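One structure is given below, encoded as structure tokens.
The values are calculated or read from the model by the stated rules, or taken from the named source; none is laboratory data. Everything numeric in this text was worked out from a predicted model, so none of it was measured. Using ideal geometry, Cβ is built from the backbone for each residue, glycine included, and neighbour counts are taken over all protein chains shown. With ligands, DNA and RNA removed, areas are computed over all heavy atoms of the protein, side chains included. Shrake-Rupley method; radii C 1.70, N 1.55, O 1.52, S 1.80 Å.
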Amino acid sequence: MPPASRTSTSRTPTGTTYSGGGWLPHGYRFDAHSHAEGQLVYAAAGALATTTTHGTWVAPANRVTWTPPGFAHSHRFYGRTDVRLLAVPTSLCEVLAARPGVFAVSPLVREALIALTDDREFRPGAYERLRAVVIDELAETPEQSLHLPEPHDDRLRAVTGLLHTDPGRSATLAELGRAVGASERTLSRLFHSELGMGFHRWRTILRIHHALVHLADGRSVTETAVECGWSNPSSLIEAFTEVVGQTPGRYQAELRDGPHTGGAGDGRVSRQP
């Protein structure tokens with residue numbers, strides 16, 4: 001539950017769906033839970049990671065996470081985060097993806113999400129109309145995923161476990177295979193068949209996840225590059241910009257200053273009409 005003095009909730013057989021906004025400290029967690037309604041979670045400043053049995057998604061301030069009804073999930077927040085929670089009634093969920101994901105946030109969607117989760121009064125029907133605009137926009141937006149899928153095969157789980165423990169590890173897939181007793185060819189096939197991407201792409205996404213955390217902790221780009229396995233800062237900047245959509249420097253600036261100066265106050269979740 002968010003640390004807030006006021007909340008807007010929908011109580012359902014699978015849990016409580018919260019709507020509103022508030023500031024959360026670095027490292028704050030929402031433990032695993034589910035709800036019968038859908039939910040959009042947006043970090044207007046900061047970043048968040050959403051984890052389900054399908055893997056982990058990371059969303060900085062240019063993306064919003066979507067969790068459909070019934071999916072067990074947890075959240076962790078990086079940097080001081082201006083988190084915005086928007087419940088989506090089940091009657092409106094069918095136009096969005098049937099599985100969790102991350103979507104790009106246009107300027108229109110951003111301002112609408114902030115307005116919907118600020119502590120303000122709406123004229124009758126205005127809240128529902130603005131929420132419908134957000135859903136319509138996201139329904140037409142391609143996913144911009146920082147998704148890190150997790151495997152089921154024991155051999156692949158052993159390899160990804162080694163990399164989770166040390167994302168900066170520079171071992172080749174063949175070397176990792178020898179460590180877990182599997183051939184490079186078998187592991188390469190499993191990465192594509194189970195995770196939908198090659199080994200190098202999966203490891204890059206893993207390293208980006210860790211880079212987001214290191215940068216939120218105030219580490220420099222150089223320190224982050226070394227600790228996460230890039231040969232130099234330029235390689236980190238190139239990979240980070242391609243995956244996240246902004247440079248590490250811009251990401252840190254938005255964590256520090258926030259791209260939006262308004263919003264809900266400390267420890268407050270604003271009320272949905």
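Results, tabulated for the structure shown:
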| read-out | value |
| --- | --- |
| Calculated FRET efficiency for the pair residue 241/residue 220, C-beta based, R₀ 22 Å, to 0.05 | 0.85 |
| Highest-fluctuation residue, 240, 199, 103 considered, GNM on the chain with Cα pairs under 10 Å | 199 |
| Surface share of carbon and sulfur [accessible, 1.4 angstrom probe, percent] for region 92-230 | 49 |
| Sites residue 130 and residue 188 - FRET efficiency at Förster radius 41 Å, r taken between beta-carbons, to 0.05 | 0.30 |
| Solvent-accessible area per residue for the chain (1.4 angstrom probe, square angstrom) | 45 |
| With Cα atoms, 0 to 90° folded angle of helix 107-117 axis to the chain main axis | 60 |
| Charge dipole (debye, nearest 20) of the chain; +1 at Cβ of Lys and Arg, -1 at Cβ of Asp and Glu | 280 |
| Alpha-carbon radius of gyration plus Dmax, which is the widest Cα pair, for the chain in Å | 19.2, 65 |
| Built amide H within the under 5 Å cut-off of residue 80, gap 5+ | 26 |
| Among 128-137, 85-94, the order from most to least packed when residues are scored by Cβ within 10 Å on average | 85-94, 128-137 |
| Mean residue ellipticity (222 nm) of the chain, computed from DSSP H runs ≥ 4 via -39,500 (n - 2.57), nearest 500 | -12000 deg cm²/dmol |
